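Before any comments, here is the structure.
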Amino acid sequence: MDETPEQLEQIRREADQIDIHHYRRRFRTFKAILVGAGLAGLTWLVLILADSRRNPCQRVRDHFCKADPTSPQCRSYEVVLHESEDEGPSMRANIRAQCQSKIESLHEEQGITVR
């Protein structure tokens, strides 16, 4: 022990100022940010999957019937929706593909987003 009492007191003051939990808090904050980002990504994925699961013919029908429930397009897509749920697998896939192409053409040509 070559230190004087003044030097020992200086060493104690410096040691008291050291934050021993600095890195632990930093890593906890980093983990919290990662968990939040992961949950946000998971929520986004679930919403995308739930939206893509909907029948595109139902989306088109809802779009046209929301504007005017008595319009000819609304009535025709009622029939198309019924056919897209009742026909055989290959016919159902073709009808739904046509409805999806209608959604895409409405978006490209008229800038309408069908939800």
* Expected 222 nm ellipticity per residue - DSSP helices of 4 or more, -39500 (n - 2.57), all of the chain, to 500 -> -26000 deg cm²/dmol
* Asked: With all protein chains present, how much of the accessible area of segment 18-107 (probe radius 1.4 Å) comes from carbon and sulfur, to the nearest whole percent?
  -> 62 percent
* Residue (of M91, H22, Q7) at the positive-pole extreme of the chain, dipole from beta-carbon charges -> M91
* Structure fact -> The alpha-carbon center of segment 58-115 and that of segment 15-52 are separated, in whole Å, by 41 Å
* Dimensions in Å of segment 61-115 - Rg and Dmax from alpha carbons -> 11.7, 33
* **Longest exposed-site-free window of the chain, the sites being GluC sites (Glu not before Pro) in a DSSP loop that have at most 15 other C-beta atoms within 10 Å** => 4-86
* Any idea how far apart E9 and I48 come out in nm if each label point goes 7 Å out from Cα toward Cβ? -> 6.5 nm
* Asked: Put R26, R61, R115 in order of accessible area, largest first, 1.4 Å probe: what do you get?
  -> R115, R26, R61
* To do: Taking the Cα atoms of segment 1-76, report the difference between the largest and smallest coordinate on each principal axis, in whole Å and largest first.
  => 99, 20, 7
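The values are calculated or read from the model by the stated rules, or taken from the named source; none is laboratory data. Quick caveat: nothing in here was measured; it's all calculated off a predicted structure. Don't worry about glycine lacking a Cβ; one is built from the backbone with ideal geometry, like all the others, and counts go over all protein chains shown. For accessibility, only protein heavy atoms count, side chains too; no ligands or nucleic acids. Shrake-Rupley method; radii C 1.70, N 1.55, O 1.52, S 1.80 Å.
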